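Visitor: Just dropping this structure here.
Where a number appears in this text, it was derived from the coordinates with a stated rule and is not lab data. Remember, predicted model here, so these are calculated numbers, not experimental data. Methodologically, a virtual Cβ is constructed for each residue, glycine included, from the backbone with ideal geometry; neighbour enumeration extends over all protein chains shown.
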Amino acid sequence: MNEAYKTYDILFNVPPFTGNEFKYMQEAVDNQKICGDGPFTKKCDEWMEKRFGAKKAMLTTSGSSALDMAALLCGIEPGDEVILPSYTFSSTANAFVLAGAGLVFVDIRPDTMNMDETKIEEAITDKTKVICVVHYAGVACDMDAIMSIAARHGLMVVEDAAQAVMSTYKGRALGTIGDFGCFSFHETKNYSMGEGGAILINNEKYIERAEILREKGTNRSKFYRGQVAKYNWVDFGDSYLQSDLNAAYLWAQLERADEINNNRLETWNSYMDAFKSYADSGKITLPAVPDGCVHNAHMFYIKFADLETRQNYIAFMKQNRIMCVFHYVPLHSAPAGLKFGRFNGTDEYTTAESDRLVRLPMYYNMDKKDTEKVIEKTIEFLEEHDV
Ligand SMILES: Cc1ncc(COP(=O)(O)O)c(C=O)c1O
């Protein structure tokens with residue numbers, strides 16, 4: 001076990017594991033096909049297409065590389081601008097910076113921590129090409145509003161759905177509403193293969209280019225399907241294919257996706273029920289799930305009155321051997337954010353709300369006794385400390 005983790009009895013995250021992972025990895029070895037696009041990759045891709053209704057799903061080496069592909073498929077050129085929240089992981093921004101775009105950060109909504117859809121339009125300039133939304137904690141952005149802004153201004157939409165596998169908005173899977181959706185299967189996510197991700201392509205016209213992009217700029221995918229006699233270097237590209245060994249590991253979880261989802265929701269609901277009265281009395285703020293959004297219990301967070309109380313809570317939980325963690329430091333104030341982007345309008349909520357936020361332990365198969373201990377200690381903190 002990681003040395004730093006030994007000071008805790010209850011970790012913040014334990015990577016999902018269903019029990020069939022090694023069996024399927026052995027099958028991949030027996031298949032003598034452990035590189036990309038093997039039988040398990042096919043199973044995962046087809047499952048995502050069927051389950052979520054994506055035109056095409058492709059496993060990638062990470063959520064970050066799925067975003068890199070999306071940025072390139074959007075046809076970003078130097079000088080273009082991308083609108084995104086500052087309250088996100090560096091990968092959301094990196095993808096567009098690597099493709100040559102400038103970043104325009106927009107404030108978030110305090111209820112969901114998602115980009116405030118009412119502040120997007122004022123950030124649009126004649127250089128804007130893409131709106132990249134992030135469905136924080138697996139709770140959807142206001143996609144009706146965002147898609148209609150994009151349509152009005154002729155912009156493309158990328159959904160960073162790294163945290164949102166299995167979440168929906170008005171019945172539609174997150175990741176399938178914009179032009180491209182990007183999932184992460186990192187070990188901290190609801191479904192995992194260690195490092196991994198997927199790109200969902202919702203507009204058929206980009207499928208062929210995506211296949212070339214992830215196959216080192218070649219039309220090898222067409223060759224494998226017998227559509228060309230030999231394959232060739234046809235455009236620029238890179239290697240974004242995931243190994244079939246990792247896909248085998250992931251498959252053991254995707255085939256039990258509902259069970260994992262329901263199990264996480266149980267823990268999430270236990271937290272919600274236990275802390276609701278403290279939110280009602282105004283001591284803390286809890287996650288909001290707007291009408292029309294069904295979330296995947298990716299994360300349970302509490303927002304305390306301020307940064308100091310949040311830090312005191314994290315320290316108190318650590319004394320009780322429970323690992324609770326803060327989240328993103330807003331990108332617009334980070335060195336690279338200052339270099340590559342600008343914040344449009346005022347930062348009313350991004351910094352203030354991120355300072356208040358702490359994430360509680362949440363993972364598949366979390367022992368109920370551990371959930372109860374997190375609840376008990378949190379309530380002790382809320383009762384005994386001046387919050
Ligand atoms: C919102 C968001 N986008 C992108 C990523 C990057 O995903 P990955 O770690 O699979 O590259 C993460 C990872 O934590 C994330 O939270």
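Visitor: Inspect segment 201-211 for any residue being buried (at least 23 other Cβ atoms within 10 Å of the Cβ) and either within 15 Å of the ligand (Cβ to nearest atom) or on the phi < 0 side of the Ramachandran plot (or both) and give the result as yes or no.
Guide: First, the residues of segment 201-211 that are buried (at least 23 other Cβ atoms within 10 Å of the Cβ): 201.
Next, from what is left, pick out any that are either within 15 Å of the ligand (Cβ to nearest atom) or on the phi < 0 side of the Ramachandran plot (or both): 201.
Yes, the conditions are met somewhere in segment 201-211.
Visitor: Testing D30 on (1) in contact (Cβ under 8 Å) with a residue 24 or more places away in the chain; (2) over 18 Å from A161 (Cβ atoms), one condition comes back false. Which one is that?
Guide: Among (1) in contact (Cβ under 8 Å) with a residue 24 or more places away in the chain; (2) over 18 Å from A161 (Cβ atoms), D30 violates only (1).
Visitor: Please specify each residue of segment 270-288 satisfying the condition of being surrounded by fewer than 18 Cβ atoms within 10 Å (Cβ to Cβ) and touching a residue at least 12 places away in the same chain (Cβ under 8 Å). Explain how you work it out, then say what you get.
Guide: Just the residues of segment 270-288 that are surrounded by fewer than 18 Cβ atoms within 10 Å (Cβ to Cβ), to begin with: 270, 272-274, 276-277, 279-283, 286, 288.
S270, M272, A274, K283, L286, A288, listed by residue number.
Visitor: Could I ask something else about it? Which one of the conditions (1) within 30 Å of A257 (Cβ to Cβ); (2) crowded, with 16+ Cβ neighbours inside 10 Å; (3) hydrophobic (A, V, I, L, M, F, W, C); (4) under 25 Å from the mean Cα position of the chain (by Cα) does I375 fail to meet, given that it meets all the rest?
Guide: Status for I375: all satisfied but (4).
Visitor: Is it the case that G19 is surrounded by fewer than 17 Cβ atoms within 10 Å (Cβ to Cβ), of a type in the set (G, A, S) and in a loop (DSSP other than H, G, I, E, B)?
Guide: Working: surrounded by fewer than 17 Cβ atoms within 10 Å (Cβ to Cβ): yes; of a type in the set (G, A, S): yes; in a loop (DSSP other than H, G, I, E, B): yes.
Spelling it out, G19 is indeed surrounded by fewer than 17 Cβ atoms within 10 Å (Cβ to Cβ), of a type in the set (G, A, S) and in a loop (DSSP other than H, G, I, E, B).
Visitor: Report, by residue number, each residue of segment 299-326 that is touching a residue at least 60 places away in the same chain (Cβ under 8 Å) and more than 18 Å from A274 (Cα to Cα). Spell out how you get there, then give the answer.
Guide: Taking segment 299-326 and keeping what is touching a residue at least 60 places away in the same chain (Cβ under 8 Å), we get 299-302, 304-305, 309, 312-313, 316-318, 321-325.
Selection gives A305, T309, N312, F316, K318, R321, M323, V325.
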